[in-house]
Amino acid sequence: MDPDAPLIARAKAGDDAAVELLVKRHIDAVYNFLVRYLGNAALAEDATQETFVKAWRNLKRFDESRALKPWLFEIARNAARDLMRKKRATLFTDLSTPGTDTAFEDTLADPAPLPPELFADRELAEHVAHALTDLPPRDRAILVLRYTEDLAWDDIAIAMEAPVNTVKSWHRRALGKLRASLLPFAPNHDHGA
Amino acid sequence: MGREYEWLFGALPQNSAPAYLCERVFGAMTRERIRILRMRLVFSSCTGVLSLGGFIVAGKALVAAMSASGFLTYASLALTDSSAVLGSSHSFLLSLLESLPGPEVVFSLALLAVFIQSLRVLVVSGIAWAWRTERFA
């Protein structure tokens, strides 16, 4: 059973303290995800607020036998998209129809391992953060959910509102793109490897 | 392969939510609660007024239908000549039920139920709204 289930049941019954506990328990994860997804702390704050208000409003319809976290990330992703639409941003390249990726990406196998010299780089965190912001938001979301939030494939599929196999395929492509973005930071490595 | 990416992402600093964000979220929830309560107040006021008006009209129609069907005459008999009524209670009750204007009674009772429910929601939402508004202000 999800450890949030008893709190969710109390929150559904109108217990404000349970709602506050749930918010405090998940706010860091949601905020961190939104900062990575939107690439902007101020927008992430607005989206975090919207996420929890929407979650609270729809809590009565939530089945507490399910895990709360993937559901929160699903709301967070939608809140972020709505926010960006309102701000008429053009960053949402992943909102375009599927199949617009290049043929190279479509035929991509599992990405090759990362060059070892990359891991010795003192500014690795900066490079990874930079490489992440270069990725389309959908890829960023999958990578953050998988490697930062440590979600299982099923949970990522819920958050991304897509079938598990599709998510795995997106994940493989996202890793390929990330690797390509990181290679320039490993100057001694043979980039063709 | 997954491990090295886990390690890679582990190098990223974790963005913790600023301390004020929790309060901001709770504030937004309270505002949303107040908005929902205000909507309930408006809606229940409207249904309350409409159902009360409807009940008054339906009540007048019910009284008219009761006198037209002879129900009131039968009912007054129970008060004026109770010994005769008790003597033939079975046939009296049957006549009383037969003369009852069914549709008017059902319609009036339905409007009364809507009015009572609206009043209940109005009182409960009103108290909650006053409490939240006072607490939030």
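Laboratory data are not the source of any read-out in this text; all were calculated from the coordinates shown. Since this is a predicted model, take the numbers as computed values, not measurements. As a convention, Cβ positions derive from the backbone with ideal geometry for all residues, glycine included, and neighbour counts pool all protein chains shown.
With the dipole of the protein assembly as shown worked out from charges on the C-beta (+1 for Lys and Arg, -1 for Asp and Glu) around the Cα centre, which of B:VAL106, B:SER76, A:VAL35 lies farthest toward the positive end?
B:SER76
Compute a Gaussian network model of chain B, connecting alpha carbons closer than 10 Å, and tell me which residue from B:LEU21, B:LEU52, B:LEU12 fluctuates the most.
Largest GNM mean-square fluctuation: B:LEU12.
Assign unit charges at the C-beta atoms only (+1 for Lys and Arg, -1 for Asp and Glu), then state the dipole size of the protein assembly as shown relative to its Cα centre in Debye, rounded to the nearest 20. Write down the numbers at each step before the final one.
On the way: 37 positive and 38 negative charges, 233 e Å.
So the dipole magnitude of the protein assembly as shown works out to roughly 1120 debye.
Could I get the Rg over Rh figure for chain B? Both from C-alpha atoms, Rh via Kirkwood, rounded to two places.
Details: Rg = 30.6 Å, Rh = 20.8 Å.
Rg/Rh: 1.47.
So if I take the centroid of the Cα atoms in the range A:132-171 and the same for the range B:81-124, what is the distance between those two points in Å?
The two parts, judged by their Cα centres, are 63 Å apart.
What is the set of long-range amide H partners of B:ALA17 at a cut-off below 5 Å, with H atoms built 1.01 Å from backbone N?
Correct list: A:ASP28.
Using the Karplus curve 6.51 cos²θ - 1.76 cosθ + 1.60 with θ = phi - 60°, what ³J(HN,Hα) values do you get for each residue of the range A:150-166, in whole Hz, with x for Gly and Pro?
Each residue's phi maps through the Karplus curve to give 6, 7, 6, 4, 4, 5, 5, 4, 5, 5, 8, 6, 8, x, 4, 5, 5 Hz.
Counting partner chain Cβ atoms within 10 Å of every residue's Cβ in A:168-178, what's the average?
Working: counts 0, 0, 0, 2, 0, 0, 0, 3, 0, 0, 3.
Taking the mean over all residues of the peptide, I get 1.
Give me the inter-chain shielding for B:14-23: mean count of other chain Cβ atoms within 10 Å, whole number please. Provide the component values of the computation, followed by the final result.
Working: counts 6, 11, 6, 15, 5, 0, 1, 10, 7, 0.
Neighbouring Cβ atoms belonging to other protein chains average 6 per residue here.
In whole Å, what is the distance between the alpha-carbon centres of the range A:1-58 and the range B:1-57?
10
Per Stokes-Einstein, at 37 °C and 0.692 mPa s, what whole-number D in µm² s⁻¹ belongs to the range B:7-68, with the Kirkwood radius over Cα pairs as the hydrodynamic radius? Walk me through the numbers on the way to the answer.
Details: Rh = 16.9 Å.
Diffusion coefficient, whole number: 194 µm²/s.
Karplus couplings for the range A:13-23 from phi (6.51 cos²θ - 1.76 cosθ + 1.60, θ = phi - 60°), rounded to Hz, Gly and Pro as x?
After applying 6.51 cos²θ - 1.76 cosθ + 1.60, I find 7, x, 7, 5, 4, 5, 4, 4, 5, 5, 5 Hz.
Calculate the mean, over all residues of peptide A:15-23, of how many other protein chain Cβ atoms lie within 10 angstrom of the residue's Cβ. Don't skip to the end; give the middle numbers.
Numbers: counts 0, 4, 0, 0, 3, 4, 0, 0, 6.
Mean number of neighbouring Cβ atoms from other chains: 2.
Using the beta-carbon distance between A:THR166 and B:SER88 and R0 = 56 Å, what value does 1/(1 + (r/R0)^6) give for FRET efficiency, to the nearest 0.05?
Numbers: r = 80 Å, r/R0 = 1.43.
That gives a FRET efficiency of 0.10.
Explain nothing, just the number: relative contact order of chain B, from Cα pairs under 8 Å at least 6 residues apart, as a whole percent.
Values: 75 pairs, mean separation 57.5, N = 137.
This gives 42 percent for chain B.
Nearest 500 deg cm²/dmol is fine: what mean residue ellipticity at 222 nm does chain B get from its DSSP H runs of n ≥ 4 alone, each adding -39,500 (n - 2.57), divided by its residue count? Could the numbers behind the result be given before it?
On the way: 6 runs with 121 residues, N = 137.
Only helices count here, giving -30500 deg cm²/dmol.
Using θ = phi - 60° and the Karplus relation 6.51 cos²θ - 1.76 cosθ + 1.60, list the HN-Hα couplings for the range A:133-145 in order, rounded to whole Hz, with x at every Gly or Pro.
Working through the residues one at a time gives 5, 6, 7, x, x, 4, 5, 4, 4, 4, 5, 5, 5 Hz.
Binning at 10 angstrom from zero up to the longest distance, how are the C-alpha pair distances of the protein assembly as shown distributed in percent?
Values per bin, smallest distances first: 5, 19, 21, 15, 11, 9, 8, 6, 4, 2, 1, 0.
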